[in-house]
Amino acid sequence: MSQKNYILAFDTANEIIAVGVGKLERETATIKVLASCETPAFRASNTKLIAKIDAALEDAGVAKSELACVACGRGPGSFTGVRICTATAKGIALGLDLPLFGVSTLDAQAWDQWAKGARGEVVVLGDAMRKEVYPVRYVLNDEGPVRQNADFVIKAEATKEWLAASAERQTITGDALGKFAELFAPFGTLAPESDWHPTGAGLLRCVEAAWCNGAFDPDDRALGNPLALLPVYTRLSDAEEHERIKLAKMPEGAARAQELRVGVADPKEGCCASIPVEPGLEDDQGSSVLPAGFEVRFVPLDASWVGEVEALEARVMGSDAWNAAQIIDDLPRSDRTWWAAFLTSDAAKRTVEHGSDTLISYAGGWIVDGGVQILKVATDPRYRRLGIARSLIEQIALDARDLGAHEMSLEVRITNTGAHRFYEELGLKNIGVRPRYYSDREDAVIYEGPLPLPHHDVAGMDLMINDIARAHEGVPSSETLIFAIETSCDETAAAIINGEGEIIADVVASQIDFHARFGGVVPEIASRKHIEAIAGVAFECLEQARETLQNPNLTWKDLSAVAATYAPGLVGALVVGLAFAKGLAWSCDLPLVGVNHLEGHIYANKLACPEIEPPMVVSLVSGGHTMLVEVKDWGEYETLGQTLDDAVGEAYDKVAKALGLGYPGGPLISKLAEKGDPRAIKFPRAMLHSGDYTFSLSGLKTAVLTYLQKEQQADREWNMPDIAASFQQAVIDVQIAKARTALEQTGAREFCLGGGVAANPKLREAYEALCDELGVRLTMPPLKACTDNASMIALVALERYQADKFFDFDCDVAAHVSLDDSY
């Protein structure tokens, strides 16, 4: 096979789509620019990017089949813009089976200035929104730009002082000048407005420089692993930033109690002294094991645990232990990240509490100059060699990466040979010795290396290979194979279906653990996790299909179409899935199928009963929707009624939060309600007698909160099971009453469920009783198919594919669409 000699590079980190096509000159490690195209996007990159890639390739006279590799801008820039670029690039790279490399959007602009003859100091100021900028200073010599600082974010006003720190006359460029040109003009020479954005040629020059530095090789698939490429953010999500500030503060009224705890802590006993530990925690190989019935939970370190941290410090750090004051001083700093591990016996609870959970390990890092310096790693000796320290360091590495770091460094005692082996296993290298570093004059060994991130393929999520596909193992497939993606909320899912409607593969990566500590889904975190996981989930889905079909040579080009959820849902999450699907479909010359997420939940019933046919009534109950739908035919829907305010799942979450149960609330309340009396408390049944199909959950939620407040004021202990059971029964009564009316008035003889709340056991029992009474057939999705999954999207996609209902590459996502409207 002849060698491929061309590279495609593109960037959508700001309001410009930049695309470059170049020829790879392997003998000289240079790239000849064949095409460089720049087009204003105006927040429409997702609709214009594929067309601009086609145009650039046509200008260069290069076919996609001639590409050797792909490069994309990683930012920093608009978070959504960077994710559109990265997701599309991942889809293209997987589809064409090519290496994928990332370059800095800001570096590309510095190379553009260099190509135009600029020398000396050049500052690129990227627009970071919120009156902030991404500033990078470069020194341009005859060989190229030399970066002077790592990526970071700073307020526009504070940038004036940063610019003034240079004694040299500097050229200033970057899209932040579109907002702040007047503010920054006194500090240098502003580049022409036409130079404020990256170009395709600048991206290619970035790649060429990386080639010379060993960071790029068009033939190195390991170096260009599409699963590993991630955007540059420079900061955590707002929820994580606010959490850091909150957790670093001592709880009101807790400062004195903390002093007392610190004062009586016995370093010899350590922070775990109050937890009974079973004998025999050391196995034959000397490795620790957890006590029976316990598990480890990882959460950001809360200042209320300072006493326990100080006690463990004293126990394992000796004369170099920090005291409580030092720990409290370090926690709130914006350039720090601290995580802790706790021993807990409640697997359902996703929070940690004093008295019931025990701190057994912690670690902290300082992010500075593009790296993270590990400040502390400590683990109770009884729980070492369980991978706890590794997990904590990986969490710190994830935070550090989002804050712009790419390397890790630390010091360790020269005599601590076990720690040396551990850090070397993480990929860090011994780069020297710091003499007499510790307080007892012992030398420290310095370790340094790339961030030891957890596997990028599923972003640290639990990867679930669903049983849905298992029933069809070994069944010969038709020639039709459709790949479907679902990213509307907090699950990254992929599935492959054949022409007979058999699910060949089904994979889900759940983000639930990342959102649990915030009490609900955080849209920005969801989007970040989708971009981390999507390529790995897609790859695993293809691997499962190969196994199911007993065809190890199955490739993306053997597919018939690519499908993705386009609406409704979280826009930032939907964008990742649709952009990836576009890249994959374009690269393999396959049609693109868009799917309505709600229609997918209706079709999920086919997983339980493939032969069901309309007319039917469907109850869609989830965290985002509560509605009754009349299905007149597949693709023909009439919404009979929906909630005026909270969805059922949302109400469950809010009540669970009020009860201190954690997130997600549905399973927790359902489990608690099993022990309670559903008639104990008379909560309101809003809209029960409204005469229509409208729902309202806000009043019920408020009634529960009011009841809790009154009980608290009366100094009465909450009867949690009764509260949960009574709340749940109020929800079920209204759902059943509305469903009864819908079945009687429409005359439908089939009733179905859909959505995450459809997995609720009591709700399912109530619907079974209703349908038995009315003589109506009830179909319910398998429990695993109630939550978001790609199999249901694949079922819709198959019918749309067979009807030639395709999307163009200029399609976009939507947060809200009506199920009743055809598309």
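Could you figure out which of (1) assigned to a helix (DSSP H, G or I); (2) over 40 Å from the mean Cα position of the chain (by Cα) isn't true of residue 748?
Evaluating residue 748 over (1) assigned to a helix (DSSP H, G or I); (2) over 40 Å from the mean Cα position of the chain (by Cα) leaves (1) as the failure.
Looking at (1) modelled with pLDDT of 85 or more; (2) more than 30 Å from residue 653 (Cα to Cα); (3) touching a strand residue (DSSP E or B) at 6+ places or on another chain (Cβ under 9 Å); (4) surrounded by fewer than 20 Cβ atoms within 10 Å (Cβ to Cβ), which one does residue 328 not meet, given that it meets all the others?
(3)
Quick check on my filter: what residues within the stretch 609-623 are out of contact with any Lys or Arg (no Cβ under 9 Å at 6 or more places or on another chain) and either in a strand (DSSP E or B) or surrounded by fewer than 20 Cβ atoms within 10 Å (Cβ to Cβ) (or both)?
Residues satisfying the conditions are 610, 611, 613, 617, 618, 620, 621.
Any idea which of 590, 584, 598 is part of a loop (DSSP other than H, G, I, E, B), among the aliphatic types (A, V, I, L, M) and touching a Leu at 6+ places or on another chain (Cβ under 8 Å)?
Answer to the check: 590.
Would you pick out the residues in the stretch 88-109 that are under 13 Å from residue 7 (Cα atoms) and small (Gly, Ala, Ser)?
Once the filter is applied, which keeps residues that are under 13 Å from residue 7 (Cα atoms) and small (Gly, Ala, Ser), the stretch 88-109 yields 89, 93, 102.
Just to verify a result, which residue in the stretch 156-201, among those that are assigned to a strand (DSSP E or B) and without any contact (Cβ under 8 Å) to a residue 60 or more places away in the chain, is surrounded by the fewest Cβ atoms within 10 Å (Cβ to Cβ)?
189
Would you pick out the residues in the stretch 420-448 that are touching a residue at least 12 places away in the same chain (Cβ under 8 Å), closer than 19 Å to residue 319 by Cα and not polar (S, T, N, Q)?
434, 437, 438, 440, 442, 443, 444, 445
Take the stretch 1-28 and flag every residue that is more than 15 Å from residue 209 (Cα to Cα), of a type in the set (A, V, I, L, M, F, W, C) and in contact with a Gly (Cβ under 9 Å, 6 or more places away or on another chain).
Within the stretch 1-28, 8, 10, 13, 18, 19, 21 meet the criteria.
With the structure loaded, tell me whether residue 208 is more than 18 Å from residue 110 (Cα to Cα), outside any loop (DSSP other than H, G, I, E, B) and out of contact with any helix residue (DSSP H, G or I) (no Cβ under 8 Å at 6 or more places or on another chain) or whether it fails that test.
When the stated conditions are applied, residue 208 does not pass them.
Condition check: under 19 Å from residue 593 (Cα atoms), in contact with a helix residue (DSSP H, G or I) (Cβ under 7 Å, 6 or more places away or on another chain) and surrounded by fewer than 24 Cβ atoms within 10 Å (Cβ to Cβ). Does residue 502 satisfy that?
Judged against the criteria, residue 502 is a match.
Suppose we keep only residues that are buried (at least 20 other Cβ atoms within 10 Å of the Cβ) and either of a type outside the set (A, V, I, L, M) or in the same structural domain as residue 115 (by TED's automatic domain parsing) (or both) within the stretch 51-74. Which one would you say is farthest from the chain's Cα centre (by Cα)?
If we take residues in the stretch 51-74 being buried (at least 20 other Cβ atoms within 10 Å of the Cβ) and either of a type outside the set (A, V, I, L, M) or in the same structural domain as residue 115 (by TED's automatic domain parsing) (or both), then 52 is farthest from the chain's Cα centre (by Cα).
List the number of the failed condition for residue 152; all other conditions in (1) in contact with a Pro (Cβ under 9 Å, 6 or more places away or on another chain); (2) in a helix (DSSP H, G or I); (3) over 17 Å from residue 10 (Cβ atoms) hold.
(2)
Return the residues of the stretch 178-201 that are farther than 22 Å from residue 114 by Cβ and polar (S, T, N, Q); say none if nothing qualifies.
none
If you check residue 707 against the conditions, is it part of a helix (DSSP H, G or I) and either more than 35 Å from the chain's Cα centre (by Cα) or surrounded by 22 or more Cβ atoms within 10 Å (Cβ to Cβ) (or both)?
Answer is yes for this residue.
Surrounded by fewer than 24 Cβ atoms within 10 Å (Cβ to Cβ), within 23 Å of residue 561 (Cα to Cα) and in contact with a strand residue (DSSP E or B) (Cβ under 7 Å, 6 or more places away or on another chain): does that describe residue 48?
Criteria met by residue 48.
The values are calculated or read from the model by the stated rules, or taken from the named source; none is laboratory data. This structure is a prediction, so every number in the text was calculated from the model and none was measured. Cβ: placed from backbone, ideal geometry, glycine included. Neighbour counts: every protein chain shown.
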